[in-house]
Amino acid sequence: MIRVAELFAGVGGFRIGLEGASDEFHTVWNNQWEPSTKHQDASLAYRARFGTEGHSNQDICTVATNDIPNHDLLVGGFPCQDYSVASTLSRSGGIEGKKGVLWWQIYRILEEKGENRPNYIFLENVDRIINSPAKQRGRDFAIILASLSDLGYIVEWRVINAADYGMPQRRRRTYIVGYRINSDIANQIENARNWLFYDGVMAKSFPFVQKKNTISQFEIEGTIKNVSDNFNMGKKDSPFGTAGIMIGRNILSVDSMAVYDGPIQTLGDILVDEEFVPEEFYISDEELPKWQYEKGAKKINRVSKKGFEYVFSEGGMAFPDYLDKPSRTMVTGEGGTAPSRFKHVVQTPSGRYRRLIPIELERLNMFPDNHTYHPEVSDGRRAFLMGNALVCGVVEIIGKSLYRAIYNEEPTSSKPIYTQRDKQPVLQLDLFAEEKLNLVVNAPKKTYTLDPTKHLLIGLVKLDNQEYFLDGAPTKIYYTGKTKAFPSTIALNKLYYFMPYIKGKGVKDLYLIRIARIGNKAEIKSGSNDTDPRLVFELEYLESLPEYKPIKLNIFNTFRDTVLGSVI
């Protein structure tokens, strides 16, 4: 077993990737804390998917190292800000930038673990970390490498664009893998160059060839304070290439070009059928020109704060996004209805334009469908969480390579990452196995006003249940078919109203959805032995239309996800 501690866990991208690589990876402790916010969305989603055991939702700066179980592998996608040192490592307050201190929390934990520090580390950051900051190119990365070397680690790194290796998003990130001296993997390294190009964990994960005339060899010298103050001072370019290895502060690096001839995943591959897309994600004819303007080339006259006039210009972007290529890089602002240059827009077979729905954003990072679903997490926040996440498929491949290097055998996993995604995704209730809360809760009111903007679910009532829905009782329970019959694209936490569809008639009665939860058919069918899990809606009658209104059920010919105003 490889015991894993996950820092800056987000919604668990490292965990998904490693568990997809091998069942031997066991996360024994994880920490996720978002500063400056009361609502800890990532932590909520993480606990809903993986449970609360070993989960810490506490500022890592306040977590004592003794409270972190000993582990074999430390992983984390630590925030990238500024890593410079104003005086000494013991003064975390001397580090520039609020989130820059978080690198030193990794250092603190490794240092304080002493002889119990993990044999392996696996970290992720933005691609520009090897070049930052602009005033002292490569300094931040040199500090990180020198710090790890002083703690007794051999380190290799790669800047990887996931799309270069067949994944569905053009997302460039720096991946750092470290091996403690005398660990099983470190003892296999006989020649730095061979390890970097051919034999190493990263080389076997993501093969590459060197770009001509890019090799760089040097030593990072001096104390960490000296590195912070003087490394590469006054030089235009960073000495670090996109692939490299450090042994004892001696650096060998090159710029790399991916070598890959396997299958390619595209943006079109991860999309769901258009009838599964909630109406709010479609762009109206009135709003379309605003999106076209944001995506188009433009030149704008502006005035700086100091009064200087200048012309701001930007080139045009593809509109809509290409479906036959991997997607552009997803950003944290992907959610919301406002027109934006950076949000993805696709055109459906019917010709309509729309934004991406949450499970499509999850698929671009190779997460399971609805991984970020939680009753308290909005679609906008789900998009933000994915904009901050890594591509799980990259972690899975590196995890397999780590396993092979440690055990010299092929890994097996009961949770592999699937690349083929369903165009008509259905609800998987095991996704909510750890979720103890009701999925939807809407409080009834003594008096009410109908809100035409609230979400309405229309559901087919089967023949054997029609009499139940026509008996005039003020409360009802509607249960879906087994999970293979309920679409997972419907945002459960937005549902407010329900109308039963009577075949041959249409819809008439309007209910408030008081609670949506996991249940079974035997709850309302006396004598039924059907206890298979289903989605259950507890309903409260509000009022009725004067007569039945015909409605087309567009999802599985069983459901329609819309807003009340489209019917009333």
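The values are calculated or read from the model by the stated rules, or taken from the named source; none is laboratory data. It should be emphasised that the depicted structure is a prediction, and the values quoted were computed from it without experimental measurement. Note that each Cβ is placed from the backbone with ideal geometry, even for glycine, and that neighbours are counted across all protein chains shown.
Being in the same structural domain as Gly234 (by TED's automatic domain parsing), within 19 Å of Ile245 (Cα to Cα), part of a helix (DSSP H, G or I) and in contact (Cβ under 8 Å) with a residue 24 or more places away in the chain is a description that does not apply to Ser132. Of the residues that make up segment 193-208, is at least one over 30 Å from Lys343 (Cβ atoms) and assigned to a loop (DSSP other than H, G, I, E, B)? Yes, segment 193-208 has at least one match. Of the numbered criteria (1) in a strand (DSSP E or B); (2) farther than 28 Å from Asp430 by Cβ, the one Tyr496 fails is (2). Screening Gly166, Gly152, Gly178 for residues that are in contact with a helix residue (DSSP H, G or I) (Cβ under 7 Å, 6 or more places away or on another chain), touching a residue at least 24 places away in the same chain (Cβ under 8 Å) and among the small types (Gly, Ala, Ser) leaves exactly one candidate, Gly178.
Taking the listed residues Thr332, Thr337, the one that is among the hydroxyl-bearing types (Ser, Thr, Tyr) and within 29 Å of Asp127 (Cβ to Cβ) is Thr332, with no other qualifying. Do we have Gly527 as farther than 22 Å from Val272 by Cα and surrounded by 14 or more Cβ atoms within 10 Å (Cβ to Cβ) here? No: the conditions fail for Gly527.
Scanning segment 367-384 for residues that are hydrophobic (A, V, I, L, M, F, W, C) and out of contact with any Leu (no Cβ under 9 Å at 6 or more places or on another chain) gives a single hit, Phe384. Reported count of residues in segment 169-202, each being closer than 23 Å to Gly13 by Cβ and crowded, with 19+ Cβ neighbours inside 10 Å, is 13.
Residues satisfying the criterion are absent from segment 83-105 (criterion: surrounded by fewer than 22 Cβ atoms within 10 Å (Cβ to Cβ) and modelled with pLDDT of 95 or more). For segment 394-415, a residue qualifies if it is under 20 Å from the mean Cα position of the chain (by Cα) and assigned to a helix (DSSP H, G or I), and the qualifying residues are Val394, Val395, Glu396, Ile397, Ile398, Gly399. Residues that are touching a residue at least 40 places away in the same chain (Cβ under 8 Å) number at least 2 in the following strands (runs of 3 or more DSSP E) confined to segment 238-354: 243-247, 250-254, 256-258, 345-347.
Comparison of Tyr497, Tyr511, Tyr501, Tyr541 shows that the only residue that is in contact with a Pro (Cβ under 6 Å, 6 or more places away or on another chain) and at negative phi is Tyr541.
Looking only at segment 267-321, count every residue that is hydroxyl-bearing (Ser, Thr, Tyr) and out of contact with any strand residue (DSSP E or B) (no Cβ under 8 Å at 6 or more places or on another chain) and tell me the total. Number of matching residues: 2.
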